Amino acid sequence: MSNTQENFSTNNHQYDHTIDREVEVELASPWNRISAYIINNLLLALVAFIGCIPAFIFVKFVLQSESENIIAISLIICISISLLVYAIFQFIQMSKTGQSFGKRLMGIKVIGIDGQNPGFVGTVLLREGVFNIINKIISVIVVFIFVHLFNFPEIAAEFLFAYLLPFICLIMLFRKTTNQRTLQDYLARTIVIKAEK
């Protein structure tokens, strides 16, 4: 980890002139970024598991039902609500501070290449939403091509190509010449740095 000096320039459309600024930042290590990703996914699984508890309590003690359909519907509703609450919390934190729960624990955060907080559009909409949509579209196209044109087994193609872009991003985390920016960072014009304590 070394200090990296960046020359950022941004075009401010409101005032219609260019602002040049020099921002010195210390990049987040790839291992901290990977750890933050793992923490966020473990927390997501924990939240989903915790969402199961009210469903079981409701079905067993309130409805006193053994019906598989009622159990399944209750599980889907409770898990969806718990995941929605978790997502809203993460979106608010990412929008305000550039930090998810995992990033906060690892002491890193997302900033725009202009040194400012990219807000909801940069940290949530572009880095997560649009990137995941693009990832899904590319995965479906590649799987279709391999299955229908090359007679590749469908399950093998899905397994191999479902995480194609995330794998590329993983490799990009270790490229110092590009300041360890991933495809998500290029899409949202962001960089991940060590957070100030």
When you check Ala72 against the structure, is it closer than 29 Å to Trp31 by Cβ, at pLDDT below 95 and part of a helix (DSSP H, G or I), yes or no? no
One residue from Phe61, Phe49 being surrounded by fewer than 13 Cβ atoms within 10 Å (Cβ to Cβ), more than 25 Å from the chain's Cα centre (by Cα) and modelled with pLDDT of 70 or more: Phe61
Identify all residues within segment 102-130 that are within 19 Å of Tyr86 (Cα to Cα), open to solvent by 30 Å² or more (accessible area, probe 1.4 Å) and in contact with a Phe, Trp or Tyr (Cβ under 8 Å, 6 or more places away or on another chain); write none if there are none. Phe120
Among the residues of segment 144-169, what is the count of those that are in a helix (DSSP H, G or I) and farther than 24 Å from Ser29 by Cα? 14
Only one of Ile141, Ile111 is part of a helix (DSSP H, G or I) and among the hydrophobic types (A, V, I, L, M, F, W, C). Can you tell me which? Ile141
What pairs can you find where one residue is in segment 120-147 and without any contact (Cβ under 8 Å) to a residue 24 or more places away in the chain, the other is of a type in the set (Asp, Glu) and not in a helix (DSSP H, G or I), and their Cβ atoms are less than 7 Å apart, with a gap of 6+ or different chains? none
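The values are calculated or read from the model by the stated rules, or taken from the named source; none is laboratory data. These figures come from a predicted structure and were not determined experimentally. Note that we place each Cβ from the backbone using ideal geometry, even for glycine, and neighbour counts take in every protein chain shown. Note: accessible area is taken over every heavy atom of the protein model, side chains too, but ligands, DNA and RNA are not part of it. Shrake-Rupley method; radii C 1.70, N 1.55, O 1.52, S 1.80 Å.
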